[in-house]
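Report on the structure given below.
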Amino acid sequence: MKKLLSILLSAGIVMLVACGPSAEEKAAAEKAVQDSIAKAQKMMEDSMAASMEKARADSLAATMEKMKQDSAAAAEAAKKSAPKKKTNEQKMKEDKKILEKQKG
């Protein structure tokens, strides 16, 4: 009796192991793998798009800052190179020199 019981038990275990997953279970597992791959690809694409947008925004901000600095430097240079306003005395002296040259 013990032999018969152990043979039946062994046969039952072998049958369970031999059956394996059903076609539906295999399809569900394959779908899960494909879904996981698609999700990872979408995350990569989203990450790339976000990093490209951030890089574009950073570049634009840096360009704008550079333009502000260049504009301020140009304005400062223009101030330094612009002729200073002359006093009335200086203007009178120059006018006298010009009149003297014209007369003599």
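Over the chain, what number does the Rg to Rh ratio reach, with both radii from the alpha-carbon atoms and Rh per Kirkwood?
Taking Rg over the Kirkwood Rh, I get 1.88.
Using a Förster radius of 41 Å, what is the FRET efficiency between V33 and A73 based on their Cβ-Cβ separation? Nearest 0.05, please.
Values: r = 59 Å, r/R0 = 1.45.
So, using R0 = 41 Å, E works out to roughly 0.10.
Counting pairwise Cα distances across the range 38-78, what percent come out greater than 14 angstrom?
For the range 38-78, the share of Cα pairs beyond 14 Å comes to 64 percent.
Given R₀ = 35 Å, what would the calculated FRET efficiency be for A23 paired with E53, taking r from the Cβ atoms and rounding to 0.05?
0.20
Quick one: how many lysine pairs does the range 42-93 have with C-alpha atoms less than 27 Å apart and a gap of 8 or more or different chains? Give me the count, please.
The result is 14.
At a 10 Å Cβ-Cβ cut-off, how would you order S10, S81, fewest neighbours first?
Ranked by crowding around the Cβ, least crowded first: S81, S10.
With Rg and the Kirkwood Rh both taken from Cα atoms, where does Rg over Rh land for the range 1-54?
Working: Rg = 23.4 Å, Rh = 15.2 Å.
Using Cα coordinates only, the ratio equals 1.54.
What longest range of the chain stays clear of loop-exposed trypsin sites (Lys or Arg not before Pro) (DSSP non-H/G/I/E/B, at most 15 other C-beta within 10 angstrom)?
Longest stretch, sites excluded: 1-83.
Among Q69, A50, A40, whose Cα sits farthest toward the positive end of the charge dipole of the range 38-78 (+1 at Cβ of Lys/Arg, -1 at Cβ of Asp/Glu, about the Cα centre)?
With unit charges placed on the Cβ atoms, the residue in question is A40.
Let me spell out the model: positive unit charges on the Cβ of Lys and Arg, negative unit charges on the Cβ of Asp and Glu, origin at the Cα centre of the range 38-78. What dipole size does that give, in debye rounded to 20?
200 debye
Values in this text are rule-based calculations from the coordinates and carry no lab data. Model, not experiment: these values are computed from the prediction. Ideal geometry is used to build each Cβ from the backbone, glycine not excepted, and the neighbour counts take in all protein chains shown.
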